[in-house]
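Colleague: Take a look at this one; I'll ask things after.
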Amino acid sequence: MRGSLGIAVAQPVCVSHDVAGNAVRHAETVRAAGARVVVFPELSLTGYELEAAAITPDDPRLAPLVEACAGTGSLALVGAPIRGDAGREHIAMLAVDAAGVSVAYRKMWLGTAEAERFTPGDGPAVVTVDGRRLGLAICKDTGVPQHAADTVALGVDAYVAGTVKLAEEADLQAERARRIAADHGVRVAVASFAGPTGGGFEQTAGRSGVWAPGGALVAQAGTEPGAIIRATLP
């Protein structure tokens, strides 16, 4: 019989384009979170800078984050632009653990400005942690009902997203999470940037949170950078 799974959603302090520094800050967050899974916002390693250089999973600047995950036994889900096949680039969610870094998911539903550079991912994705299947999403994906439906159809215990939203979009973000939880009967965890994060986002929404199946709010952060919210998936 499987046990509970601790999950944290984080609002890290971010410096635009500073992958090395952001990786160190992510590592500090992982150590502070005390959770098996730690979820970070969209493009968390670069800030929401659509011109930021793409990285690869073997980027040596990510070593402090790998070390933190090895020391805590955590899986970190972090955001970055990555290079794909045939010269394509994607907005991605990377999975980081003691074994290293891999590409877990490529954002399927792109904003207008994002589509000028990036290619949509091919399909929904899950990661399995201690027998739990976590469906993955990045920002605009959460507003597309078909994305949630297709992801849940893979058989998931939770729907996990990294986002960047303007301060005035906080209620929209929460409503999307609540609707997914209610419509599909799954837990939803959203890590949302707080504070400035580049790309014209001088103030972001924060209010990362976790919602129970049915849509009830379990826990939610405020708007301050650096906050970490923890919950348990029974």
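Colleague: What longest region of the chain stays clear of GluC sites (Glu not before Pro) that DSSP places outside H, G, I, E and B and that have at most 15 other Cβ atoms within 10 Å?
Modeller: Of all site-free stretches, the longest is 117-201.
Colleague: On average, how much accessible surface per residue is there in the chain, in Å², for a 1.4 Å probe, leaving out ligands, DNA and RNA?
Modeller: 39
Colleague: Additional query: Using the charge dipole of the chain (Lys, Arg: +1 at Cβ; Asp, Glu: -1 at Cβ; taken about the Cα centre), state which of Val210, Ala76, Ala194 has its Cα farthest towards the positive end.
Modeller: It is Val210, whose Cα lies furthest towards the positive end.
Colleague: With a 1.4 Å probe and all protein chains left in place, how much of the accessible area of the chain comes from carbon and sulfur atoms, in whole percent?
Modeller: Roughly 51 percent of what the probe reaches on the chain is carbon or sulfur.
Colleague: Round to the nearest 0.05 the FRET efficiency obtained for Thr112 and Arg88 when R0 = 22 Å and r is the Cβ-Cβ distance.
Modeller: 0.75
Colleague: With every protein chain kept in the model, how would you rank Phe201, Phe118 by accessible area, 1.4 Å probe, largest at the top?
Modeller: Greatest to least solvent exposure: Phe201, Phe118.
Colleague: Which order, highest average first, do 9-18, 141-150 follow once you tally other Cβ atoms within 10 Å for each residue and take the mean per peptide?
Modeller: 9-18, 141-150
Colleague: Tell me the label only: which of [x] 0.96; [y] 0.99; [z] 0.92 is Rg/Rh (Cα atoms, Kirkwood Rh) as calculated from this structure?
Modeller: Computed from these coordinates, Rg/Rh (Cα atoms, Kirkwood Rh) corresponds to label [z].
Colleague: For the stretch 135-164 and the stretch 38-78, compute the distance between their C-alpha centroids and round to whole Å.
Modeller: 20
Colleague: Placing +1 at every Lys and Arg Cβ and -1 at every Asp and Glu Cβ, with all other atoms neutral, what dipole size does the chain have around its Cα centre, in debye to the nearest 20?
Modeller: Dipole magnitude for the chain comes out near 680 debye.
The values are calculated or read from the model by the stated rules, or taken from the named source; none is laboratory data. Keep in mind the model is a prediction, meaning the values are calculated, not measured. FYI the Cβ positions are ideal-geometry reconstructions off the backbone, even for glycines, and counts take in every protein chain you see. Accessible surface areas use protein heavy atoms only, side chains included; no ligands, DNA or RNA. Shrake-Rupley method; radii C 1.70, N 1.55, O 1.52, S 1.80 Å.
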